1. Please indicate, with yes or no, whether at least one residue in the range 61-77 is touching a residue at least 12 places away in the same chain (Cβ under 8 Å), in a helix (DSSP H, G or I) and over 19 Å from Gly119 (Cβ atoms).
2. Check Asn245, Asn236 and return the single one that is away from ligand 2 (no atom under 16 Å from the Cβ) and in contact with a helix residue (DSSP H, G or I) (Cβ under 7 Å, 6 or more places away or on another chain).
3. Answer yes or no as to whether Lys159 is within 16 Å of ligand 2 (Cβ to nearest atom), at pLDDT 95 or above, over 16 Å from the mean Cα position of the chain (by Cα) and open to solvent by 10 Å² or more (accessible area, probe 1.4 Å).
4. Which of (1) under 15 Å from Leu174 (Cβ atoms); (2) within 16 Å of ligand 1 (Cβ to nearest atom) is the odd one out, the single condition His247 does not satisfy?
5. Restricting to the range 210-244, and then to whatever is open to solvent by less than 10 Å² (accessible area, probe 1.4 Å) and among the polar types (S, T, N, Q), can you tell me which residue is nearest to Gln30 (Cα to Cα)?
6. Please go through the range 43-59 and give me each residue that is within 30 Å of Asn73 (Cβ to Cβ) and in contact (Cβ under 8 Å) with a residue 24 or more places away in the chain, ordered by number.
7. Name, by its number, the condition in (1) open to solvent by 10 Å² or more (accessible area, probe 1.4 Å); (2) at pLDDT 95 or above; (3) among the aliphatic types (A, V, I, L, M) that does not hold for Leu59.
8. Please go through the range 101-121 and pick out each residue that is over 30 Å from Asp57 (Cα atoms), assigned to a loop (DSSP other than H, G, I, E, B) and either free of Cβ contacts under 8 Å to residues at least 24 places away in the same chain or open to solvent by less than 20 Å² (accessible area, probe 1.4 Å) (or both).
Amino acid sequence: MLKIGCHLSSSNGFTHMLEEAKTIGANTFQFFTRNPRGGDAKDIDPIDIKNFLRFKDELGIDKIIAHASYTLNLCSKDQSIRDFALRTFKDDLKRMEYIKGNYYNFHPGSHVGQGEDVGIQFIIDALNDSLSEDQNTIVLLETMAGKGSEIGRNFEELKRIIDGVKLKDKIGVLLDTCHVHEGGYDIVNDLDGVLGTFDKIIGLDRLKAIHLNDSMNPRGAHKDRHAKIGEGHIGNEALIKVINNPHLKNLPFILETPNDLDGYAREIAFLKEHYED
Ligand code: FE
Ligand code: FE
Ligand code: ZN
């Protein structure tokens, strides 16, 4: 069965996200751990967590994905920004233990002129400082479009981060179709080739989830502008091949397309219709 969902607002809690997922036909979802612009996370509501754990199976939910604030930058030039990011990262991981066994996805960061070697080392240090043997969450590095000085613009950079992480069984990769397309990978004409490259460099066993997005820009644009499914430069045909690819078809797919709930419901229905069980 296709595991499909979308990004949902977490401001009304887990139980509310479950209800929304149900109304749009989703069996997974993603949420921000806190306000996307950073800042404090809400207090954990034990009743909300209890309800979530109780009802998620009824919806056929296996894994959900928490997304770190996109302003979190573990490799900033500014030490106070790095320290804040690290504190936030650790706090998020602590909170994830309330819903054990899910994914926590983050943007590796932007090196802002320090160069990728320095940036990558900061990210490695932060991961080694925050990951613990007994955590039940897998942390995912997201493939990035390579906007500005983003780290993770290619598979090699993600591989270098993974190589430096000590607790390797706590780390995985999330592939964003818009980002890899804008990063220069030809998933439209050569998905198998791109996945072959991923396998050679990182290993497909590290790939845990997909952000399924179309892109407003041509391949290699490095701009990171998501489009609705079928309305961008990737297109329906290529995205349908993504959900049906034997290496990908059992992973959770999260839509981050510019949509309201009705739009997500339509995209989910469309993708289910084109999924080969
Ligand atoms: Fe992201
Ligand atoms: Fe994404
Ligand atoms: Zn994006």
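The values are calculated or read from the model by the stated rules, or taken from the named source; none is laboratory data. These numbers were taken from a predicted model, which means no experiment stands behind them. As a convention, Cβ positions derive from the backbone with ideal geometry for all residues, glycine included, and neighbour counts pool all protein chains shown. These accessible areas exclude ligands, DNA and RNA; they are computed on the full protein's heavy atoms, side chains included. Shrake-Rupley method; radii C 1.70, N 1.55, O 1.52, S 1.80 Å.
1. No, that holds for no residue.
2. Within the list Asn245, Asn236, the selection yields Asn245.
3. No: the conditions fail for Lys159.
4. (2) is the only condition that His247 fails.
5. So the residue we want is Asn213.
6. If the condition is that a residue be within 30 Å of Asn73 (Cβ to Cβ) and in contact (Cβ under 8 Å) with a residue 24 or more places away in the chain, then Ile44, Asp45, Asp48, Ile49, Phe52 are the ones that fit.
7. Condition not satisfied by Leu59: (2).
8. Hits for the range 101-121 are Pro108, Gly115.
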